[in-house]
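Below you'll find the structure, written out as structure tokens, and then a few comments.
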Amino acid sequence: MDYRPHYPLPLRWLSMAVDLCLAIFGISIVTLVFINATLRGAAGFDLAWSLEVTAFFLLWSTFLGCAAAIARGAHMRVSEIAESIFPVKTQYWLAITINLVIAVMLVSLIVTGYSISSHTWAQRTTVLYWPVGFLYASMPVGMAISLIFHAFNSIYDFNNPGTFADRNDGPNVEAAS
């Protein structure tokens with residue numbers, strides 16, 4: 001289920017900003033790799049800085065992509081076993097428990113990513129002399145945005161248990177009532 005239509009305006013803006021960053025990063029990665037490969041083959045040299053920029057864009061795209069997937073409700077879920085074993089009410093509470101575990105994991109990744117980023121901020125990259133911590137900051141930033149989206153999605157699901165019936169992978173709580 002795509003949660004974005006249900007988001008309040010600030011969350012929709014955040015989701016659109018994430019999508020815009022992903023589009024810019026993706027286009028930039030493809031363009032830089034193509035130009036660098038063309039220069040290497042045709043002119044015999046390459047742009048050393050393009051490798052660092054591409055690595056930065058790729059890592060930031062990875063963690064921002066996680067947030068975009070959560071906003072769309074697009075992360076993979078395998079619910080066939082739970083649907084065949086547990087009654088609908090239990091599936092609902094199991095989904096809430098899983099959402100809490102995911103939130104704890106996201107908080108853990110934010111704390112760990114912040115620690116790594118802050119410890120490596122003084123180090124510089126080889127060519128552009130950017131802080132290495134900026135590269136690692138992609139994890140806590142991406143996971144914090146993911147947590148924001150996940151928290152809203154979880155609260156929305158909890159307050160609207162009928163939405164489980166609309167999803168292909170979730171239980172139908174209203175049917176159990």
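The values are calculated or read from the model by the stated rules, or taken from the named source; none is laboratory data. These numbers come from a predicted model, not from an experiment. Here the Cβ is made from the backbone with ideal geometry for all residues, glycine too, and neighbour counts use every protein chain on show.
In segment 39-69, which residues are among the aromatic types (Phe, Trp, Tyr) and either modelled with pLDDT of 95 or more or surrounded by 12 or more Cβ atoms within 10 Å (Cβ to Cβ) (or both)? Full working, then the answer.
Within segment 39-69, the subset among the aromatic types (Phe, Trp, Tyr) is 45, 49, 56-57, 60, 63.
Hits for segment 39-69 are Trp49, Phe56, Phe57, Trp60, Phe63.
Give me the pairs, please: first residue somewhere in segment 71-87 and within 20 Å of Leu20 (Cα to Cα), second residue anywhere and at pLDDT below 80, beta-carbon distance under 9 Å, and either six or more positions apart or on two chains.
Gly73/Arg167
Taking Phe152 as the residue in question, decide whether it is modelled with pLDDT of 95 or more and either in a loop (DSSP other than H, G, I, E, B) or hydrophobic (A, V, I, L, M, F, W, C) (or both).
yes
Grab the helices (runs of 4 or more DSSP H) fully contained in segment 1-98, keeping just those with 1 or more residues being among the basic types (Lys, Arg) and closer than 18 Å to Ile145 by Cα.
Details: elements: 9-42, 48-72, 80-85.
Those helices (runs of 4 or more DSSP H) span 9-42, 48-72.
Is it the case that some residue within segment 70-82 is loosely packed, with under 12 Cβ neighbours inside 10 Å and of a type in the set (Asp, Glu)?
Within segment 70-82 (the criterion being loosely packed, with under 12 Cβ neighbours inside 10 Å and of a type in the set (Asp, Glu)), the answer is yes, since at least one residue qualifies.
Please identify the pairs in which a residue from segment 117-130 that is part of a helix (DSSP H, G or I) has its Cβ atom under 7 Å from the Cβ atom of a residue that is among the aromatic types (Phe, Trp, Tyr), counting only partners at least 6 apart or on another chain.
Close Cβ pairs (under 7 Å, with a partner that is among the aromatic types (Phe, Trp, Tyr)) amount to Ser117/Tyr136; Thr120/Tyr136.
Tell me which residues, restricted to segment 88-99, are touching a residue at least 12 places away in the same chain (Cβ under 8 Å) and over 30 Å from Phe25 (Cβ atoms).
Val88, Lys89, Gln91, Tyr92, Leu94, Ala95, Ile96
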